[in-house]
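**Student:** First, the structure itself, so that you have it in front of you.
The values are calculated or read from the model by the stated rules, or taken from the named source; none is laboratory data. For clarity, every value in this text was computed on a predicted model and none was experimentally measured. All Cβ positions, even for glycine, are placed from backbone atoms using ideal geometry, and neighbour counts span all protein chains on display.
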């Protein structure tokens, strides 16, 4: 483990740092003397002031929109101009759409995929040349239990995380000879208001009782809220695990960051595939109400 003086020489870029895991991680990194570039969307930048964090020689707040690749270049360029390096990239920012497949438009799909996969991959491409040259570095991608199991009304979110998981696994092999370490942090449900902010497709009213998928939205929303309310995992506990990964010279590819993530993976490995899916389906809340003809089934797209 490094001493604080050595930490001060390392630079960490964190996306989605104004709330949740990103904010908790930024606090930890600053406390142990890392140099940190904490990024957030333009409208989220004021949250840094609200959090009590203050810019300093070791902490910068910068605007970064995951869909704006030019802003990626600007942030990375400033890091190299100011400190000459980026040693750790933590791709933490992301969004979640709650929608069945039929209700998502092509534009909605792109809006989901950009911050969760396309944006992180672009940032990775920008920092890899330096990490390869110094033959050291950490790429840490915050994924989700949804990256290993898909649930109804979360298809596009799961798809974005599965994409991130697949690319990260390939990158693990590609970067190992160069000494660059790749790690996926896979949390399940987290007790945090930041994780309650889901999006719906444009024009969709999930509460409309006559909609064909109304029971899906109603019951799945309640289930997710219940699981978030009762979990012991917090942004701080996940951030602490990320910090441990940063300290490790050779971290594992995947870190199951919560108990439920460990449980889901265990069930998936132990149960026969056909039985697993059928049993999970029967355990879904209100599933007997699903698939009934609504009074009004007008296509939304």
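**Student:** Checking residue 71 against (1) surrounded by 21 or more Cβ atoms within 10 Å (Cβ to Cβ); (2) within 12 Å of residue 15 (Cβ to Cβ), only one condition comes out false. Which one?
**Tutor:** Evaluating residue 71 over (1) surrounded by 21 or more Cβ atoms within 10 Å (Cβ to Cβ); (2) within 12 Å of residue 15 (Cβ to Cβ) leaves (1) as the failure.
**Student:** Filter region 154-193 down to the residues that are assigned to a loop (DSSP other than H, G, I, E, B) and farther than 19 Å from residue 263 by Cβ, then identify the one that is modelled with the highest pLDDT.
**Tutor:** 179
**Student:** Among the listed residues 179, 147, identify the single one that is surrounded by fewer than 23 Cβ atoms within 10 Å (Cβ to Cβ) and free of Cβ contacts under 8 Å to residues at least 60 places away in the same chain.
**Tutor:** 179
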